[in-house]
Amino acid sequence: MNGLDATLAALADPTRRQVIDLLRRGPRRAGELATAIDTSGPAMSRHLRVLRTSGLVEADSVEHDARLRLYHLRPEPFAALEAWVGQIQQLWGAQLAAFKAHAERRRKAKP
């Protein structure tokens, strides 16, 4: 699975999108994420594993306690997703512009 496929697969789940939304506000521990989303610790661990495997999220140890991990977003997969969506938007923008030009030509050609 390539990076974009992994990103889209990870974001297909609504709980993981909630995790992403929470992490946009700043790093958090797994327990904080589970509490905020009202899910169990084991379920949150599974979601975080998918997000880490896809490269969307990274975990760092807390300096004073190596057992604690703070999860945060990685910008690279989101930049790749944004670039891909931009290409799709560009394609549709060109298609809509061509359709508009065609419709305007037809309107002007009618007596």
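In the stretch 21-38, the residues that are touching a residue at least 60 places away in the same chain (Cβ under 8 Å) form no Cβ pair under 9 Å with any partner that is hydroxyl-bearing (S, T, Y) and in a helix (DSSP H, G or I), whether six or more places apart or across chains. The sole residue among L68, L56 that is surrounded by 12 or more Cβ atoms within 10 Å (Cβ to Cβ) and either in contact (Cβ under 8 Å) with a residue 40 or more places away in the chain or under 16 Å from L22 (Cα atoms) (or both) is L56.
Selection over the stretch 53-87 of residues that are of a type in the set (A, V, I, L, M, F, W, C) and modelled with pLDDT under 85 gives a count of 3.
The values are calculated or read from the model by the stated rules, or taken from the named source; none is laboratory data. Everything numeric in this text was worked out from a predicted model, so none of it was measured. Cβ coordinates were reconstructed from backbone atoms using ideal geometry, including for glycine residues, and neighbour counts include every protein chain displayed.
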